[in-house]
Amino acid sequence: MANEEGGTGLVPADASVSHGRDVSAGTAVVQRDLAQNPGLPPHRPRTTDLDPKADKRSERGVSLLFYLSIVGSIGAIVSYFALPIVPDDPASVRLNTLFIGLSIALALLSIGIGAVHWGKALMADHEGIDIRHPTRGTDATRERAVEIFREADQESGFNRRKLLRNSLFGAFIAFPLPAIFLFRDLAPADNDPAELLRHTMWEEGVRLTRDPEGTPIKASDVTLGSAFHVIPEGLNETEHKLEEKAKAAVLLMRLKPEDLNVSPGREDWNYQGIVAYSKICTHVGCPVALYEQQTHHLLCPCHQSQFDIKNEAEVIFGPAKRPLPQLPITIDADGYLVARRDFTEPVGPSFWERGEYEQ
Amino acid sequence: MSSDTRTAPAPQRAAKTSVTGAVSNYIDERTSISAVVKEFGRKIFPDHWSFMLGEVALYSFVVILISGSFLTFFFQASMAEVEYDGSWVPLKGLEMSAAMDSALNISFDIRGGLLMRQVHHWAALLFIASIGLHMLRIYFTGAFRKPRELNWVIGFILFILAMGEGFTGYSLPDDLLSGNGLRIIDGLIKGIPVVGTWISYLLFGGEFPGDQVIGRFYTLHILLLPAIIVALIALHLVFVVVHKHTQYPGPGKTNDNVVGYPILPVYAAKAGGFFFIVFGVIALMAAFFTINPIWNYGPYDPSPVSAGTQPDWYIGFADGALRLIPPGWEFVLWDRTWSFNIIVPLVVLGGFIVVVLLYPFFEAWVTGDKREHHLLDRPRNAPTRTAIGAAGVTFYASLWAAASSDIIATHFKMAMEHVIHILQFTTIVGPFIAFFIAKRICIALQKKDREIALHGYESGRIVRLPGGEYIEVHQQLDEYERWKLLNFNEYQPLMIRPNAAGKISSAQRVRASVSRWFFEDRIEPVTSKELERSSHH
Ligand code: FES
């Protein structure tokens, strides 16, 4: 794409472009007869330079702004007292926020605009020129620096006394090591995290209860097409409520029994078409809280994984891989839904050691 | 009156000078501050609106420090369970962590508390946004070239740290949304091979969510990360002083000078005033616009979540990357779980970050240019760099859009699956298209510049020559305007030459082909001969 003349006019960029030092310009090129820099354009005076009235006006404007700023600051204090927060009245909070904020903004903006205007319109606006120097030190400075290091080396024997030096390096490597161990107790020492992830609160006979009230659910309450957010009975009374809930939360739905594709071994996991699935997404653990009644799909709002309840919650779209684990359920003597046992696999997001627990 | 002030001041000023003089003398005798004033007081800074982006970042950080300090006086970084008894009726009697409780109290029971929370949050958003824009400015003008490569690295680390600050801060109120964000982080960490389970266990002090993480994030958020950020900002600015600021090419400006205004007084007034303007704008936003209404979300509970919830925008690209992974990317091998649906986004994003971080060194290697560069490039004059930047922006933007895939789907009434597939396409193919288009545009603009420099603007005025011919009069540029179009850096592709042993190394070969890719398409700068010839027309 070079024009026909370019070839002859081109020379590699020479060193003189860079402070007269011999620095490689790489593959840069310059035109031998490049046009000349015309230098700074002539200075143009501003209206405030020419017209004393405009100057005076600007000055008054700026000082007015500064006075306005004082008004704003006082206004903020006045708003603080005049617009107290009234308990149980959210409108008072809004007023308080609005007026304190506006007054502070007035105080700040007036200072800012005033100062900038002062700088632009009233201060001398002659452009200055600084000369740049190469970032590297001068040759003399650098030589002296090298010499200092050499002297220091000689005086300390840093490179001569190898044993001394290397043992110091060893000590430097070793001394931060204890810190790594000190951090071990960030989490309790007597548990294996993978083992903890394996179990939930569910076990044989634990009732399914409504989230968050904790009231038990009769099989007859679960009508076709309805969905219940479920926690194990007694969860609200446990000490580590949130930790347990983060694993044990379950979604309960009723489908027509003939709509369910049940795999061998899971025949007695549903109760007359009522199925319970872990609500914790197998992707990275958001609650899979959206149930589409017509299609019987569960949707995770975080990254849109979709699970098909008709097919044991297998993934039909999205980044999740594994189906939601199913909680085997039945009813107890009083007709309340209960778990048959804990989940047969860890719930929630994948983790490294999880493979061990798979069939 | 005015004549009074003109005659009177002599003794007055003398008295005043002696007070300031005495104070200055006192300080200087103990600090030798006069040397600092002498060195920096009249230092020249060039002027351009795009140089203010970095300033916005700096000033919003100061606002973050001020508002954040206020908040720490009231915030309780504890996950101990309490019963809410504050002024916000809908949540009364609910059990929540002390963190959430105190965040609500700041919002509803402390005068100006909500304002400060919103100042803090808006300032944080502005901080990250302005760093991002500042980095784009640096990139597209080539301000990262020697001697500023290391400052690019520092700035980039600051960007990452700012996002870390944002995320830890967002988590502190322990509300439903931030808890879900933590839940996602927990799931992400658990997906890391070998160490993931343990890192999560240690971070949360046991099982998720545990009762530790808020306190730990608080330490990171108000102590560790800010300390590192302050130190790096200081270093960043020291480098700005050492290198002196870059400037755009223009008449009178060379690679060896800085043209602009002195710190004292003009720059101090403008930059100082600008701080107040930034602060004031943040205060305005905080006064008018609610941000992060935790009272609507309620305390964290692992069970509920609502549709359409999203992370703060700056985390969006990471969230979007997770969404774009096709189904089924997880395997069990040797009894261990390999979650490629997590590993791949982490590696891709990590790779992207490393590429951006190392770009200055890459370009320096391609050009082999060891000179210092203080004159900025106009983006069009570095077509390949600009095109690479456009590709990167497209990649980031696709990931970012993916974080809103559900909202896009409902808004445009599209199937979720289609939205994801389109975004998968734009993420992978989009950058190539963007590269191509951007490069073509740059070259077209360069051509146009060349035309204008030689022949001037089309004035739209048609005249009839004595011979009867019609021509459009071209308005010639003055020499100052023209110089802006003429002055730019130019490279040619690397010619391979055998080394001393008469061999061509493979590194040379690679460099030559990359260099060809970079500089093959070029527009020659205008020579003075051409200029002369065109002016005789
Ligand atoms: S957490 Fe459910 S799709 Fe990501």
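The values are calculated or read from the model by the stated rules, or taken from the named source; none is laboratory data. A quick note: this is a predicted structure, and the numbers were derived from the prediction, not measured. Ideal geometry is used to build each Cβ from the backbone, glycine not excepted, and the neighbour counts take in all protein chains shown. The protein model used for the area step is the full one, side chains on, heavy atoms only, and it has no ligands, DNA or RNA in it. Shrake-Rupley method; radii C 1.70, N 1.55, O 1.52, S 1.80 Å.
Just need a number here: residues in segment A:206-235 that are open to solvent by 20 Å² or more (accessible area, probe 1.4 Å) and more than 31 Å from the chain's Cα centre (by Cα).
Filtering segment A:206-235 down to residues open to solvent by 20 Å² or more (accessible area, probe 1.4 Å) leaves A:206-207, A:210-216, A:218, A:220-221, A:223-224, A:226-229, A:233-234.
Imposing the further condition that a residue be more than 31 Å from the chain's Cα centre (by Cα) reduces the set to A:206-207, A:210, A:213-216, A:218, A:220-221, A:223-224, A:226-228, A:233-234.
Number of matching residues: 17.
Please go through segment B:324-347 and pick out each residue that is at the interface with chain A (Cβ under 7 Å from one of its Cβ atoms) and part of a loop (DSSP other than H, G, I, E, B).
The answer is B:Ile325, B:Pro327, B:Gly328, B:Trp329, B:Glu330, B:Asp335, B:Ser339.
Looking only at segment B:176-205, filter to residues that are buried (at least 21 other Cβ atoms within 10 Å of the Cβ) and not in a helix (DSSP H, G or I); which one of those is farthest from the ligand (Cβ to nearest atom)?
The qualifying residue farthest from the ligand (Cβ to nearest atom) is B:Phe204.
Would a scan of segment A:267-287 turn up a residue that is over 14 Å from A:Gly348 (Cα atoms) and within 13 Å of the ligand (Cβ to nearest atom)? Spell out the reasoning first.
The first filter runs over segment A:267-287 and keeps only residues over 14 Å from A:Gly348 (Cα atoms), leaving A:267-276.
Subsequent filtering for residues that are within 13 Å of the ligand (Cβ to nearest atom) retains none.
The answer is no; no qualifying residue exists.
Go through segment A:171-205 and give me each residue that's more than 14 Å from every other protein chain (Cβ to nearest Cβ), exposed (fewer than 10 other Cβ atoms within 10 Å of the Cβ) and not aromatic (Phe, Trp, Tyr). Write out each step before concluding.
First, the residues of segment A:171-205 that are more than 14 Å from every other protein chain (Cβ to nearest Cβ): A:171-178, A:202-205.
Then drop every residue that is not exposed (fewer than 10 other Cβ atoms within 10 Å of the Cβ), which leaves A:171-178.
Selection gives A:Ala171, A:Ile173, A:Ala174, A:Pro176, A:Leu177, A:Pro178.
If a residue has to be open to solvent by less than 10 Å² (accessible area, probe 1.4 Å) and more than 7 Å from chain A (Cβ to nearest Cβ) to count, how many in segment B:246-273 make the cut?
3
Name the single residue, out of those in segment A:116-141 being open to solvent by less than 20 Å² (accessible area, probe 1.4 Å) and assigned to a helix (DSSP H, G or I), that is farthest from B:His373 (Cα to Cα). First the steps, then the outcome.
Residues of segment A:116-141 that are open to solvent by less than 20 Å² (accessible area, probe 1.4 Å), as a first pass: A:119, A:121, A:128, A:132.
Now drop any that are not assigned to a helix (DSSP H, G or I), which leaves A:119, A:121.
Working: A:Gly119: 29, A:Ala121: 32 Å.
Among them, the one singled out is A:Ala121.
Please count how many residues of segment B:296-349 are on the phi < 0 side of the Ramachandran plot, more than 15 Å from the ligand (Cβ to nearest atom) and at pLDDT 85 or above.
Just the residues of segment B:296-349 that are on the phi < 0 side of the Ramachandran plot, to begin with: B:296-297, B:299-307, B:309-327, B:329-333, B:336-349.
Remaining after also requiring more than 15 Å from the ligand (Cβ to nearest atom): B:296-297, B:299-301, B:312-314, B:317, B:331-333, B:336-338, B:347-349.
From what's left, at pLDDT 85 or above: B:296-297, B:299-301, B:313-314, B:317, B:347-349.
Within segment B:296-349, residues that are on the phi < 0 side of the Ramachandran plot, more than 15 Å from the ligand (Cβ to nearest atom) and at pLDDT 85 or above number 11.
If B:Phe159 meets every condition in (1) without any contact (Cβ under 8 Å) to a residue 60 or more places away in the chain; (2) open to solvent by 10 Å² or more (accessible area, probe 1.4 Å); (3) more than 16 Å from the ligand (Cβ to nearest atom); (4) within 11 Å of chain A (Cβ to nearest Cβ) apart from one, which number is that one?
Just one mismatch for B:Phe159, condition (4).
Which of the following residues is surrounded by 11 or more Cβ atoms within 10 Å (Cβ to Cβ), assigned to a loop (DSSP other than H, G, I, E, B) and facing chain A (nearest Cβ under 7 Å): B:Leu477, B:Leu531, B:Leu494? Give the derivation first.
On the way: B:Leu477 fails: facing chain A (nearest Cβ under 7 Å); B:Leu531 fails: assigned to a loop (DSSP other than H, G, I, E, B).
Of the residues listed, the single one that is surrounded by 11 or more Cβ atoms within 10 Å (Cβ to Cβ), assigned to a loop (DSSP other than H, G, I, E, B) and facing chain A (nearest Cβ under 7 Å) is B:Leu494.
Could you look through segment A:239-266, keep only residues that are among the basic types (Lys, Arg) and surrounded by 22 or more Cβ atoms within 10 Å (Cβ to Cβ), and pick out the one that is nearest to the ligand (Cβ to nearest atom)? Show your work before the answer.
If we filter segment A:239-266 for residues that are among the basic types (Lys, Arg), which is where we start, we get A:241, A:245, A:247, A:254, A:256, A:266.
Of the ones still in play, those that are also surrounded by 22 or more Cβ atoms within 10 Å (Cβ to Cβ) are A:245, A:247.
Working: A:Lys245: 16, A:Lys247: 15 Å.
Selected residue: A:Lys247.
Take the residues of segment A:300-321 that are more than 11 Å from the ligand (Cβ to nearest atom) and surrounded by fewer than 22 Cβ atoms within 10 Å (Cβ to Cβ): which is nearest to the chain's Cα centre (by Cα)? Before the answer, list the steps.
To start, the set of residues in segment A:300-321 that are more than 11 Å from the ligand (Cβ to nearest atom) comprises A:308-314, A:316.
Okay, now just the ones that are also surrounded by fewer than 22 Cβ atoms within 10 Å (Cβ to Cβ), so A:308, A:310-312, A:314, A:316.
Working: A:Asp308: 31, A:Lys310: 36, A:Asn311: 35, A:Glu312: 34, A:Glu314: 30, A:Ile316: 28 Å.
The extreme case among them is A:Ile316.
Filtering segment A:288-299 down to residues that are in contact (Cβ under 8 Å) with a residue 24 or more places away in the chain and out of contact with any Pro (no Cβ under 7 Å at 6 or more places or on another chain), which residue is nearest to the ligand (Cβ to nearest atom)? Step through it out loud before you land on a result.
Within segment A:288-299, the first condition is being in contact (Cβ under 8 Å) with a residue 24 or more places away in the chain, and the residues that meet it are A:288-289, A:291, A:293, A:296, A:298.
Next, from what is left, pick out any that are out of contact with any Pro (no Cβ under 7 Å at 6 or more places or on another chain): A:288, A:291, A:293, A:296, A:298.
Working: A:Val288: 6, A:Tyr291: 14, A:Gln293: 20, A:His296: 18, A:Leu298: 10 Å.
Checked segment A:288-299; the qualifying residue nearest to the ligand (Cβ to nearest atom) is A:Val288.
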